[in-house]
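The values are calculated or read from the model by the stated rules, or taken from the named source; none is laboratory data. Here the structure is a predicted model, which means the values were calculated and not measured. When we count neighbours, we look across all protein chains shown, and the Cβ atoms used for this are built from the backbone with ideal geometry, even at glycine. Remember, those area values only see protein heavy atoms, side chains included, never the ligands or the DNA or RNA. Shrake-Rupley method; radii C 1.70, N 1.55, O 1.52, S 1.80 Å.
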Amino acid sequence: MRELQIRLTSRILVLILLVSLLAGGCAPRRPEPTTTTAAAYSQGSSDGYEHYEEQQMLEQRRFSEWEQELFLEEISASQLDLHFLFKDPAALGIEKADALYPSLSEETRNQNIKDRQQLEEDLDSFDLNLLNDNQRCTLRVLKSYLDTEKLADGLELYAQPLAVTIGTQAQLPILLAEYAFYDPDDVEDYLALLGGIDDYYTQILAFEKEKSAAGLMMSDTTIDHIIESCESYLLVPGDNFLIDTFDSRLDTLTGLTEEEKDDYREKNKALIESDFIPAYQLLIDGLRELKGTGTNPGGQSGYPQGREYYEYLVYSATGTSYTSIEDLLEAMENCMDNALSDISRILSEQPELADEIDSYAFRQTEAADIMEELKVLTKEDYPELPECSYTFKDVPEALQLSLSPAFYLVSPIDDYQNNVIYLNHNPDYSSNDLYTVIAHEGYPGHLYQNVYFHTHCDSLLRMILSFPGYSEGWATYVEQAAYQLDNGLQPQMGALLSANYIATLGLSACLDVYINYYGWNRDQVRDYLKNFNSNPEEIADSIYQTMIETPSNYLSYYVGYMEFLNMENTARKQLGNRFDLKSFHTFLLDIGSAPFDVIQPYFTSWLQAQQLGQ
């Protein structure tokens, strides 16, 4: 349950997508007094004030021009990114991207480091006091991001582009299937991407060989799981979603004759046979050859500098305001313990709920009906959203084992009205509550947050930055709240399910840290699970392997949720009867996707303003 990550890599920012903010910008509009402004006023000099105003204007213009240049450079890095970010890039003066796919070469990786160093120098050149509120927010976000990225300098080979459900090989085909055809040029670009996938996967395989030579290869078990994922894409002619989706997109395109469309259909089929399927076979064969070269069967800490790299992964995935892994883990376990205490309290008050846990039912059970009900039920506690459309699509049956239970496909910045949510009907996911899945992916989760941001923020650069801790944390935060809406469940059952959800997610997140940072083995995981599960043998191996294959993934959800919950609890405690949940949510959406160490000072200012009745 996630946003589908569109940006595969990037030249400088190496980010993903998505943000959200309020009209007029990215930060609450609270003035920040400075020595310079105070001096200008105290002198009572109109000349001094006018000079300061001129300095402000010049510095703000310089920052705007620099920000726009960086934005244009980033979105034009690859054709896939450019197309999904903007429906009409020509309106920005961009006709084509620099490349079909980003480069993974050592030369490019080294250049990325130099580019980030230059970015840091650029940021240091600006006078924070002369920038406006929104520019200051953007600058702080970028500085925090760079501080995190520096943790990985020299550890570039520890990156892992392949993973079972969240790796490039799993997500790229869905992006190709959703590559919109707005005009005939888009068809040509799509076919070029399809024809270039074998070259791109050759780069990925070369990168994996570099990892192997450096002693950083994944275990054979992980390789087997990725190979199994790749085998899902060895498509057969009679059951081929890339042909079906191509034909349906082509049918809606005007400006082409039927002969031209038939020609494109033949080209698509030919490229699937000559490039797409061979690209996956290339990965399969290459990974099989690398089996036996991975010497670490455990988590990240089993690699030479694995703990250092995992620390980077944690801060990159969460943007947490906690300053050490140890403090973060303690907070996570406290949050989990609170959820477990809530479960015990609820069951002691209503023990019959334990017998009803397998038979509860939400009022709405169809995806579209759930979405429409959520739009109504959340009006009181969330700011209004502009009208937008959405489409639910099913994950193709051949790909159900390779993809997440559900995911939201981020809409283009200039076409926020059209949104897509994929639902995976794999029987393994049948225990997931569709109601809260829709809350996570749709309204008021990813879709809501994305559309809100695209219609309220005036910084294009902020619109292409994304921090998983914020985006997945927000979606998790509103997902657990959906259990306790007027949704057909009795209130205590909703509270029980919410607490159970948070306790279960917290358990996975804590084990992520214990396995990857502290080096726990399977036996230690089993012993730990005995505190929570009567049959730990049944799930210990599965959890252990999952944490090895996707280190820090669960932390994006849980730590982000915890940061939002901590702020809500603080606001409720300090404001008392003055606390307004809708105002709190509006603040969070206005500040937008950012690291929590950036959000916290703005939260303090917001809290002070609320206490003063502003």
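Mean projected area of the convex hull spanned by the Cα atoms of the stretch 251-355, taken over all viewing directions: 16.2 nm². Taking amide H atoms as placed 1.01 Å from N in the peptide plane, the amide H of residue 420 lies under 5 Å from those of 391, 409, each 5 or more residues away in sequence or on another chain.
Please identify every one of the chymotrypsin sites (Phe, Trp or Tyr not before Pro) in the stretch 560-614 that sits in a loop by DSSP and has no more than 12 other beta carbons within 10 Å of its own beta carbon. The partial results should precede the final answer.
On the way: sites: 561, 564, 579, 584, 587, 596, 602, 603, 606; in loops: 579.
Hits after loop and neighbour filter: nothing returned.
When Lys and Arg each count +1 and Asp and Glu each count -1, what net charge do the other residues less than 12 Å away from residue 552, Cβ to Cβ, add up to? Taking every other residue near residue 552 into account, the sum is -4.
Out of the total accessible area of the stretch 525-614 (probe 1.4 Å, heavy atoms of protein only), what percent is carbon and sulfur? Before the final figure, lay out each step's value.
On the way: 1600 of 3810 Å².
Carbon and sulfur together cover 42 percent of it.
If the viscosity is 1.306 mPa s and the temperature 10 °C, what Stokes-Einstein diffusion coefficient in µm²/s follows for the chain when Rh is the Kirkwood radius over Cα pairs? Don't jump to the answer; show the numbers that get you there.
On the way: Rh = 25.7 Å.
In µm²/s, the coefficient rounds to 62.
Where does the chain land at 222 nm, in deg cm²/dmol rounded to the nearest 500, when only DSSP H runs of n ≥ 4 count, each adding -39500 (n - 2.57), divided by all residues? The partial results should precede the final answer.
Numbers: 25 runs with 360 residues, N = 614.
Computed ellipticity for the chain at 222 nm equals -19000 deg cm²/dmol.
When the charge dipole of the chain is built from unit charges on Cβ atoms (+1 for Lys and Arg, -1 for Asp and Glu) and taken about the Cα centre, the candidate among 566, 515, 412 whose Cα reaches farthest toward its positive end is 566.
Apolar share of the accessible surface for the stretch 190-299: 51 percent from carbon plus sulfur atoms, 1.4 Å probe.
Can you give me the C-alpha center-to-center distance between the stretch 274-311 and the stretch 404-446, rounded to a whole angstrom? Using only Cα atoms, the two centres lie 29 Å from each other. Taken as Cα centroids, the stretch 512-551 and the stretch 578-614 sit 37 Å apart, rounded to the nearest whole angstrom.
If I compute solvent accessible area with a 1.4 Å probe over the protein chains, what percent of it on the stretch 378-474 is carbon and sulfur? Don't jump to the answer; show the numbers that get you there.
Numbers: 1450 of 3140 Å².
Carbon and sulfur together cover 46 percent of it.
Per residue, what accessible area does the chain have, given a 1.4 Å probe and all protein chains present, in Å²? Don't skip to the answer; put the middle values down first.
Details: 25340 Å² over 614 residues.
Dividing the accessible area of the chain by its residue count gives 41 Å².
A straight Cα-to-Cα reach below 22 Å connects residue 379 with the lysines 582, residues fewer than 8 places away in its own chain not being considered.
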